[in-house]
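The values are calculated or read from the model by the stated rules, or taken from the named source; none is laboratory data. Worth saying up front: this structure is predicted, and the values here are computed from it rather than measured. Cβ placement follows ideal geometry from the backbone for every residue including glycine, while neighbour counts extend to all protein chains displayed. The protein model used for the area step is the full one, side chains on, heavy atoms only, and it has no ligands, DNA or RNA in it. Shrake-Rupley method; radii C 1.70, N 1.55, O 1.52, S 1.80 Å.
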Amino acid sequence: PMILEMLMESIFAIVDIYFVARLGADAVAVVGLTESMLAIVFAMSIGLSIGATATVARRTGEGDLDGAARSAAHAIYLGIIVSAVLSVVGIIFAPHFLNALGAEPEVVEQGTAFTRIMLGGNGVIVFLFLLNAIFRGAGDAAVAMRVLILANLLNIFLAPSFIYGKELFSVFNIPAPQWLIDNWIFPQLGVTGAAVGTTIGRGAGVLFAIWYLRHNSGRITIRREHWKWNREILSNLTKIAAPAVLQFTIGT
């Protein structure tokens, strides 16, 4: 399940590039350059997830399920802090990052909205990694795999729908009744649509994972009392995650 989970995380970018390819080279460049920036987000997310998996697995192995749930809650706190900072930086500096990576002016103009959505919505990436790491630490690796399956299926449907709108049927020669084409609710957003579809798909996966954690349906359940702030737990999480974040960030 963990191997399949990591493979499916790579499918998002492949799907986006496949569907925007018909928009031209500039659109492909936008996706490629933005994915190179997201490599930093992935690296930080993997580092955070290592801390989450280690602490949750330790408490679970001790039979302390309440401690595991508290560790999971504080891993989520840490994810909120990191993703909020990355979102602010990404939204403000998206066009500057594209320029710094050598994008042509027309690529910057076409891709700024895409990059802002992907970087500004990095929280869905962080929490896909983080929540799935919690499931793995608790021994529920199959749940993490299901989360990614849901997110990918939605992205495969939503990305082309938002990119092409009603033109989707003619671009890909999809036979459809006229009433469906006339009532197609998705707007034609171009390359920005790929970011919208991907973010919604990932976001749905995150919501499913949160729902699963809040209900007594798995090995770990986070209840209200587990959200009580504990500086020591957060500090221990940070000490474990920080070297891993640095290691993977340097690698990218």
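Brief remarks on what is shown
- Residue under evaluation Glu106, criteria (1) open to solvent by 50 Å² or more (accessible area, probe 1.4 Å); (2) within 23 Å of Tyr77 (Cα to Cα), criterion not met: (2)
- Any hit, segment 148-162, residues being more than 16 Å from Val196 (Cβ to Cβ), outside any helix (DSSP H, G or I) and not basic (Lys, Arg): no
- Test: residue in segment 16-38 that is of a type outside the set (Val, Ile, Thr), under 28 Å from Leu213 (Cα atoms) and at pLDDT below 90: no
- When Val85 is tested against (1) closer than 25 Å to His226 by Cα; (2) crowded, with 20+ Cβ neighbours inside 10 Å; (3) aliphatic (A, V, I, L, M), only condition (2) is not met.
- A search for C-beta distances below 6 Å between a residue of segment 49-73 that is closer than 29 Å to Thr249 by Cα and any residue that is aromatic (Phe, Trp, Tyr), counting only pairs 6+ apart in sequence or on different chains, returns Ser49/Phe129; Ala73/Trp227.
- If the condition is being free of Cβ contacts under 8 Å to residues at least 40 places away in the same chain and within 17 Å of Leu130 (Cβ to Cβ), then segment 198-238 contributes Leu207, Trp211, Arg214.
Residue-wise test of (1) in contact with a His (Cβ under 9 Å, 6 or more places away or on another chain); (2) buried (at least 18 other Cβ atoms within 10 Å of the Cβ); (3) more than 30 Å from Ala54 (Cα to Cα).
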position: Ala133; (1), (2), (3): no, yes, no
position: Ala142; (1), (2), (3): no, no, no
position: Leu153; (1), (2), (3): no, no, no
position: Ala159; (1), (2), (3): no, yes, yes
position: Ser170; (1), (2), (3): no, no, yes
position: Asp182; (1), (2), (3): no, no, yes
position: Phe186; (1), (2), (3): no, yes, yes
position: Ala195; (1), (2), (3): no, yes, yes
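- Contact annotation: residue pairs with Cβ atoms under 7 Å, 6 or more positions apart or on different chains, pairing a residue in segment 14-42 that is in contact (Cβ under 8 Å) with a residue 60 or more places away in the chain and open to solvent by less than 40 Å² (accessible area, probe 1.4 Å) with a partner that is assigned to a helix (DSSP H, G or I) and of a type in the set (Phe, Trp, Tyr), are Val30/Phe114; Thr34/Phe114; Met37/Phe97.
- Candidates Gly47, Gly90, Gly63: the one that is under 19 Å from Phe129 (Cβ atoms) and either in contact with a Leu (Cβ under 6 Å, 6 or more places away or on another chain) or open to solvent by 10 Å² or more (accessible area, probe 1.4 Å) (or both) is Gly90.
- Residues of segment 114-131 classified as of a type in the set (A, V, I, L, M), out of contact with any Gly (no Cβ under 7 Å at 6 or more places or on another chain) and open to solvent by less than 10 Å² (accessible area, probe 1.4 Å), total: 3
- Hey, Ile91 in contact with a Phe, Trp or Tyr (Cβ under 8 Å, 6 or more places away or on another chain) and under 30 Å from Val31 (Cβ atoms) or not: no
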